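Peer 1: To start, I am sharing the structure in question, which I have written as structure tokens.
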Amino acid sequence: MSEQALKVLIVDDEAPARARLRDVLADVAAEIKLEVVGEAGTARDAVDVLAAHPADVVLLDIRMPEMDGIEFAQHLQKLPQPPAIVFTTAYDAYAIRAFEVHAIDYLLKPIRTARLKEALTRAQSARAPSAAALKDLSKGAPAFLSAQERGRIHLIPVDDVIYLKAELKYVTVRTAQREYLIEEALARLEQEYGDRFVRVHRNCLVARAAVRGFERGTGESEGQWVALLEGCDEKIPVSRRQQHIVRELGRQ
């Protein structure tokens, strides 16, 4: 057993479930040296806790509002040292089979002391789940994008994104508040979110909901259509190959 305490974060949207985990962790602490660094009821709250108190293992509920545990685990992969994940779930035969196929640990609710001890013992030497395994478990496109900055994760609601612009090996994610850089392929983002975004240029996708019109550009864009976007003063050029979107969106 390691001399250092195993740092544990509890993430569950139900307060009674979090309290139950704390109680069971207290029982396990008699045999495994551990420290509960915090608890959170949402993925966003968990990000804040992890920024202040890094964890070795996250006990993560699967079914949560806004963002489920599978998606959150995917975003955690961007941390410099991702924590081990132990999912907690009510009985779900499909999910359990999927976890077992990918050798991902899980706990069935109500959580028992012996089973939690077993999971934490494994977590002491376990790696974070692979990105491929989590992708197989996820259902549909993620509701959030994530950017890694200075050792912490920023969660970006896809609904808040105005445009996605490829620049070298990064993609700039623009919201009304600020810009983020993410390491993603624009083509993959277009494939995943094609119903929300439209390509206006070979290196830029704009949110359909953010397009408020088009106009003829001036200066370097003189004579070329540019897209006018809600929440953003920047005018995005529309390439000649993509000018059909001016007609398709009915904003000419």
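The values are calculated or read from the model by the stated rules, or taken from the named source; none is laboratory data. Model, not experiment: these values are computed from the prediction. Because the Cβ atoms are built from the backbone with ideal geometry, glycine has one as well, and the counts that use them run over all protein chains shown.
Peer 1: Please find, within the range 155-184, the residue that is surrounded by the fewest Cβ atoms within 10 Å (Cβ to Cβ) out of those that are among the hydrophobic types (A, V, I, L, M, F, W, C) and within 16 Å of the chain's Cα centre (by Cα).
Peer 2: My answer is 181.
Peer 1: Restricting attention to the range 171-197, which residues are at pLDDT below 95 and within 16 Å of residue 149 (Cβ to Cβ)?
Peer 2: Result: 183, 184.
Peer 1: Exactly one of (1) part of a helix (DSSP H, G or I); (2) farther than 19 Å from residue 147 by Cβ; (3) modelled with pLDDT of 95 or more is unmet by residue 46. Its number?
Peer 2: Result: residue 46 fails condition (2) only.
Peer 1: I would also like to ask the following. Of all the residues that make up the range 11-33, how many are surrounded by fewer than 20 Cβ atoms within 10 Å (Cβ to Cβ) and closer than 23 Å to residue 152 by Cβ?
Peer 2: The qualifying residues number 2.
Peer 1: Which helices (runs of 4 or more DSSP H) sit wholly inside the range 51-169 and have at least 2 residues that are under 29 Å from residue 28 (Cα atoms) and touching a Phe, Trp or Tyr at 6+ places or on another chain (Cβ under 8 Å)? Reasoning before the result, please.
Peer 2: On the way: elements: 69-76, 93-101, 113-123, 131-137.
Answer list for the range 51-169: 69-76, 93-101.
Peer 1: Restricting the range 176-208 to residues that are small (Gly, Ala, Ser) and touching a residue at least 40 places away in the same chain (Cβ under 8 Å), which is nearest to residue 227 (Cα to Cα)?
Peer 2: Looking at the filtered set, the residue picked out is 207.
Peer 1: Now for a separate question. Go through the range 190-218 and give me each residue that's small (Gly, Ala, Ser) and under 24 Å from residue 140 (Cβ atoms).
Peer 2: Hits for the range 190-218 are 194, 207, 209, 210.
Peer 1: Something else about it: Do we find a residue being over 30 Å from residue 57 (Cβ atoms) and at pLDDT 95 or above anywhere in the range 127-148?
Peer 2: The initial filter retains those residues of the range 127-148 that are over 30 Å from residue 57 (Cβ atoms), namely none.
Checked the range 127-148: no residue is over 30 Å from residue 57 (Cβ atoms) and at pLDDT 95 or above.
Peer 1: In addition: Considering 147, 123, which residue is crowded, with 19+ Cβ neighbours inside 10 Å and in the same structural domain as residue 90 (by TED's automatic domain parsing)?
Peer 2: None of the others qualify; the one that does is 123.
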